[in-house]
Each structure stands twice: as structure tokens, then as C-alpha cells.
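Okay, here's the structure, questions in a sec.
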Amino acid sequence: MAVVATHLHFDHVAAVADLVDSTGAPFYAHPADWAVYKTLNAIAEEWGFRIPDIPTPRPLGERLWIFDVWHTLGHTPGSVSLVVDGSVFTRDTPFYR
Ligand SMILES: [Zn+2]
């Protein structure tokens, strides 16, 4: 089991701390989103939200268990899509910038 962020916008990772705490699963994100990670709380506050501190992600490589990890940057520098058995899980990748 793992928690994988397709990108590090606050609305996609606000519950990661609870999820990691309750499951013990490691948390992964693409290293190209480290700069986004550093601004999570500031951006959330700009939008009127307070979010808990997010665990430091482990660097996501090109493969995680059964998934190929495609670096589909554009929405954020570290956006990824997960591919398995002919299916692609994109999350916000279609929303360029
Ligand atoms: Zn997003």
C-alpha cells in the first residue's frame, strides 16, 4: 500500500497526514513538485483554507509496483499519471497550468 500524490496542490493532499497515520503507508510524489510542496500551506491560506502539515513525500520514480509512472508535467512541474493494464489515472493532468 502507498499514498501517491499525482501532484502537490493542497486540495489533493490535505488529508494525506491522516491517511498516512491511519494506514502506515508511505507517501510518494514527484520530486519536481518539491517547490510546490514548500508553498502548500501559504497557497491554502490564500484560498481561505487551513490544512494540516503534510508528511515529507518520498521521491516517485518511473515505476511503483504494478504502475508505470508517467511524468505528465504541465498542471504542476511534478504532475504524474499512473498507468496500469491500459488504463491511465490522470487526476488534474488535463488541466494544463
Ligand atoms: Zn491541481
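Is the stretch 45-68 home to any residue that is polar (S, T, N, Q) and over 12 Å from the mean Cα position of the chain (by Cα)?
Residues of the stretch 45-68 that are polar (S, T, N, Q), as a first pass: 56.
Cutting the leftovers down to over 12 Å from the mean Cα position of the chain (by Cα) gives us none.
No - not one qualifying residue is present in the stretch 45-68.
Conditions (1) buried (at least 16 other Cβ atoms within 10 Å of the Cβ); (2) among the aromatic types (Phe, Trp, Tyr), marked per residue:
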site: Leu40; (1), (2): yes, no
site: Gly48; (1), (2): no, no
site: Asp53; (1), (2): no, no
site: Trp65; (1), (2): no, yes
site: Ser79; (1), (2): yes, no
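Return the total of residues in the stretch 1-28 being surrounded by 15 or more Cβ atoms within 10 Å (Cβ to Cβ) and within 21 Å of Gly48 (Cβ to Cβ).
Counting residues in the stretch 1-28 that are surrounded by 15 or more Cβ atoms within 10 Å (Cβ to Cβ) and within 21 Å of Gly48 (Cβ to Cβ) gives 9.
Can you tell me how many residues in the stretch 85-97 are exposed (fewer than 11 other Cβ atoms within 10 Å of the Cβ) and either more than 12 Å from the ligand (Cβ to nearest atom) or within 17 Å of Trp34 (Cβ to Cβ) (or both)?
3
No value in this document is a laboratory result; all are computed from the given coordinates. Fair warning: this is a prediction, and the values are worked out from it, not measured in the lab. We place every Cβ from the backbone using ideal geometry, glycine too, and count neighbours over all the protein chains shown.
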